[in-house]
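What follows is a short report on a single structure.
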Amino acid sequence: MFLNDNIKIFSGCSNEPLAKAVCEYLEVPVGGATIEKFPDGEKIIRVEDDVRGRDCFVIQSTCSPVDENLVELLIYLDCLKRASAKRVTAVIPYFGYARQDRKDEGRVPITAKLVANLITAAGADRILAIDLHAQQLQGFFDIPVDHLTGSLVLSKYFRDKKMENLTVVSPDVGNIKIASRYATFLGGDLAIVHKRRVSGSQVQAQELIGSVEGRNVLMCDDMITTGGTISSAAELVKQRGARKICVGATHGVFAPGAVEKLSKSPVDEIVVTDTIPLCAEAVKKVKVLTVSSMMGEAIKRIHRNESVSSLFSSH
């Protein structure tokens, strides 16, 4: 076995298959707990394993239904802390509310900071997350944050595909750094789409910086929510002469209507990871890669007080 009895890994309801896969990688059982609802909708969590003095991890994506999964995580953390766990780490493969990270207009909240405060107040000693949408979100927490990236898994998949005449396209200006890393790793050119957001679900790609004519295109992003950014960018690069268009994203949020929108776009392949469980409709159209071994390795290193950043150099 990788680990000893001093570690306990628990699963929330949001992504049980991923939690089980992580435990299989680490060769430890999923921690025993009962999650029930009262008739009025309130939740109660009973931890069945002895956690006194142990290193505990709770795996819970705060995906849809976001508020319910978030409150469940908070209850879990409080439960373990009151049961005298030595250290409690919140493992959040997908962190909801991450895009509400600033005041872009008057009289709006910074909800990402609020959620960070709630998780800390509930008893988390440490955070393990994947692609927080913006690197600076790590500073919203007053506790240590280990920040992994899905590009470790996605880039290996696309490298093994050996795509020739490759141009990596950033679907918006804010994603240039990620696209640049992919381009360097895969040995491709770099292009950038300049977009204008019409509404929360409508995006218009206006201009392309770089050339994609006669080339295979890889568009990479941290998440696909409405599919508007990807669809609009794909239409633009296809008009400019792109051949095959592949899309890679860490989080497949896929809000209602996103899969239908992407199916009508010229995208040939969409690849996401299992940080969020996908609906049956999306699974038929999307290839899913697992982050379980990467997360499991990070958990093992945190438990042993080893370097997590060395994961990046090893990949």
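Any idea what angle helix 292-303 forms with the longest principal axis of the chain, computed on alpha-carbon atoms, 0 to 90 degrees, nearest 10?
The helix 292-303 is inclined about 40 degrees to the chain.
For ALA85, enumerate residues with amide H under 5 Å from its amide H, sequence gap 5+ or separate chain, H modeled in the peptide plane.
Hits under the 5 Å cutoff: GLY53.
For the residues PHE158, PHE38, what sequence is obtained by ranking on other C-beta atoms within 10 Å, fewest first? Mind showing how you got there, number by number?
Details: PHE158 22, PHE38 8.
Going from least to most buried by this count: PHE38, PHE158.
Restricting to Cα pairs below 8 Å that are 6+ residues apart, what does the relative contact order work out to for the chain? Please round to a whole percent.
Numbers: 639 pairs, mean separation 42.9, N = 315.
Worked out over the chain, it gives 14 percent.
I need the phi-derived Karplus couplings for region 236-241: 6.51 cos²θ - 1.76 cosθ + 1.60, θ = phi - 60°, integer Hz, Gly and Pro marked x.
For region 236-241, the Karplus curve yields 5, 5, 5, 4, 8, x Hz.
Could you tell me the extents of the chain's C-alpha atoms along the three principal axes, largest first, rounded to whole Å?
Projected onto its principal axes, the Cα set of the chain covers 61, 46, 35 Å.
Using only the Cα atoms of region 151-289, what semi-axes does the equivalent ellipsoid have when each is the square root of 5 times a gyration tensor eigenvalue? Give whole Å, largest first. Intermediate results must be reported in sequence, preceding the final value.
Numbers: eigenvalues 84, 66, 34 Å².
Output for region 151-289: semi-axes of 20, 18, 13 Å.
Sort THR34, THR273 so the one with the fewest other Cβ atoms within 10 Å of its own Cβ comes first. Before the final figure, lay out the partial values.
Numbers: THR34 9, THR273 27.
Result, fewest neighbours first: THR34, THR273.
Could you work out how much longer the chain between VAL66 and CYS13 gets when fully extended? Use 0.36 nm per residue separation minus the Cα distance between them, nm to one decimal. Walk me through the numbers before you get to the answer.
On the way: separation 53, 0.36 × 53 = 19.08 nm, distance 1.18 nm.
The span from VAL66 to CYS13 would gain 17.9 nm if fully extended.
Using Cβ counts within 10 Å as a stand-in for footprinting exposure, how do VAL193, VAL28 rank, fewest first?
Numbers: VAL193 27, VAL28 20.
Ascending Cβ contact count within 10 Å gives the list VAL28, VAL193.
With both partners inside region 163-302, how many of the DSSP beta bridges are antiparallel, as a percent to the nearest 5?
Values: 6 of 27 bridges.
In region 163-302, approximately 20 percent of DSSP beta bridges are antiparallel ones.
How much mean residue ellipticity at 222 nm does the chain get from its helices, if each DSSP H run of length 4 or more adds -39500 (n - 2.57) and you divide by all residues, to the nearest 500 deg cm²/dmol?
On the way: 10 runs with 103 residues, N = 315.
Helix-only estimate at 222 nm: -9500 deg cm²/dmol.
Filter the cross-link list LYS244/LYS284; LYS8/LYS43; LYS43/LYS284; LYS8/LYS284 down to pairs whose alpha-carbon distance in this structure exceeds 25 Å. Intermediate results must be reported in sequence, preceding the final value.
Details: LYS244/LYS284 20 Å; LYS8/LYS43 22 Å; LYS43/LYS284 33 Å; LYS8/LYS284 34 Å.
In this structure, LYS43/LYS284; LYS8/LYS284 lie more than 25 Å apart at Cα.
Gain in length, THR184 to ASN117, computed as 0.36 nm per residue apart minus the alpha-carbon separation, to one decimal in nm?
Values: separation 67, 0.36 × 67 = 24.12 nm, distance 3.65 nm.
Full extension of this stretch gives 20.5 nm more.
Can you give the net charge of the other residues whose Cβ lies under 15 Å from the Cβ of PHE95, counting K and R as +1 and D and E as -1? Mind dumping the intermediate values first?
Values: positive: ARG99, LYS113, ARG126; negative: ASP67, GLU72, ASP101, ASP131, ASP146, ASP222.
Net local charge, PHE95 excluded: -3.
Quick one: helix 111-122 against the long Cα principal axis of the chain, what's the angle to the nearest 10°, folded into 0 to 90?
Result, in degrees: 20.
Extending each Cα 7 Å along its Cβ direction at GLU269 and ASP50, get the distance between those two points in nm, one decimal.
5.1 nm
Apply 1/(1 + (r/R0)^6) to the Cβ-Cβ distance of GLU260 and ASP160, taking R0 = 30 Å, and write down the FRET efficiency to the nearest 0.05.
Working: r = 30 Å, r/R0 = 0.99.
Once the sixth-power term is evaluated, E becomes 0.50.
Once you place label points 7 Å from the Cα toward the Cβ at VAL288 and ARG102, how far apart are they in nm?
With each label point 7 Å from Cα toward Cβ, the separation is 3.3 nm.
Quick one: which residues, 5+ away or cross-chain, put their amide H under 5 Å from the amide H of ILE276? H built at 1.01 Å from N.
Excluding prolines and chain starts, which carry no amide H, the hits are GLY252.
The numbers here are math on the coordinates, done by the rules we state, and not lab data. Note that the coordinates shown come from a computational prediction; the quantities given were computed from them, not determined experimentally. Note: ideal-geometry Cβ built from the backbone for every residue, glycine included; neighbour counts use all protein chains shown.
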